[in-house]
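Student: First the structure, then my questions, so here it is.
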Amino acid sequence: MAILEQEFYDKVIEMGKKAVVEYKNNNFDTWEDYAEKGWELFPEPKYNWNQAYNYAKMAFKNNFAQKRFEQSEKWLNRMIEDNNINHSYDGEIEFKIGMYKFETKALEDAYKKFREAVRQSGNNHYRYFADEDKKYLEFYKNQKKLEDKK
């Protein structure tokens, strides 16, 4: 993946800073507008740029924190598309999908994604659970116990 030229990246950062101000002021619709404008500044194809994945991840995280699941899904799909193109299989995407599925009550899918994230994480199986709400790890471990009993 390429790194965006500084001139373009500065414009993205400018929109990102405006978005952060709006987010901190709880103006989530305005925040989303600025985040989207920043996304549009990435040259096509957007998924060629290292910064695009992290930008989408930040937007997913902020929307998810506010339980804005429709917006979260849009940014998550951007992360997924980037991940599919760039083949970064370390479990992060699966974990984020698992969180999303858990919160939208698709619990069977959530467990499958958490299980895949753990598998892909190699020796550090629970690393993605560490900085998130403990409910995700509790859910995963309880479902795993049920699966193991089958």
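The values are calculated or read from the model by the stated rules, or taken from the named source; none is laboratory data. Worth saying up front: this structure is predicted, and the values here are computed from it rather than measured. Note that we place each Cβ from the backbone using ideal geometry, even for glycine, and neighbour counts take in every protein chain shown.
Student: Take Val20 and decide whether it is in contact with a helix residue (DSSP H, G or I) (Cβ under 7 Å, 6 or more places away or on another chain), at pLDDT below 95 and either closer than 20 Å to Glu132 by Cα or of a type outside the set (D, E, K, R) (or both).
Tutor: no
Student: Which of the residues that make up region 95-120 are under 17 Å from Ile80 (Cβ atoms) and hydroxyl-bearing (Ser, Thr, Tyr)?
Tutor: Selection gives Tyr100, Thr104.
Student: For region 1-33: of the residues being part of a helix (DSSP H, G or I) and polar (S, T, N, Q), which is farthest from Ala59 (Cα to Cα)?
Tutor: Checked region 1-33; the qualifying residue farthest from Ala59 (Cα to Cα) is Gln6.
Student: So, one more: With (1) in a helix (DSSP H, G or I); (2) at pLDDT 95 or above; (3) under 26 Å from Phe28 (Cα atoms); (4) among the charged types (D, E, K, R) as the list, and Asp82 as the residue in question, which single condition is left unmet?
Tutor: Only one criterion in (1) in a helix (DSSP H, G or I); (2) at pLDDT 95 or above; (3) under 26 Å from Phe28 (Cα atoms); (4) among the charged types (D, E, K, R) is unmet by Asp82, namely (2).
Student: Another question, then. Would you call Glu36 crowded, with 17+ Cβ neighbours inside 10 Å, at pLDDT 95 or above and part of a helix (DSSP H, G or I)?
Tutor: Numbers: crowded, with 17+ Cβ neighbours inside 10 Å: no; at pLDDT 95 or above: yes; part of a helix (DSSP H, G or I): yes.
Here the answer is no, as Glu36 does not meet what is asked.
Student: Step by step: first the residues of region 50-72, then only those that are among the polar types (S, T, N, Q) and at pLDDT 95 or above, then the one that is farthest from Glu36 (Cα to Cα). Which residue is that?
Tutor: Ranking the qualifying residues of region 50-72, first place goes to Gln66.
Student: Additional query: Take the residues in region 113-130 that are among the charged types (D, E, K, R) and assigned to a helix (DSSP H, G or I), then tell me which one is nearest to Glu103 (Cα to Cα). First the steps, then the outcome.
Tutor: Narrowing region 113-130 to residues among the charged types (D, E, K, R): 113, 115-116, 119, 127.
Applying the additional criterion that residues be assigned to a helix (DSSP H, G or I) yields 113, 115-116, 119.
Working: Lys113: 13, Arg115: 16, Glu116: 18, Arg119: 21 Å.
Filtering region 113-130 for residues that are among the charged types (D, E, K, R) and assigned to a helix (DSSP H, G or I), the one nearest to Glu103 (Cα to Cα) comes out as Lys113.
Student: Checking the structure you have, find out if any residue of region 116-133 is basic (Lys, Arg) and surrounded by fewer than 18 Cβ atoms within 10 Å (Cβ to Cβ).
Tutor: yes
Student: Name the residues in region 1-19 that are in contact with a Phe, Trp or Tyr (Cβ under 8 Å, 6 or more places away or on another chain) and surrounded by fewer than 17 Cβ atoms within 10 Å (Cβ to Cβ), would you?
Tutor: The first filter runs over region 1-19 and keeps only residues in contact with a Phe, Trp or Tyr (Cβ under 8 Å, 6 or more places away or on another chain), leaving 1-4, 8, 12, 15-16, 18-19.
Selection gives Met1, Ala2, Ile3, Phe8.
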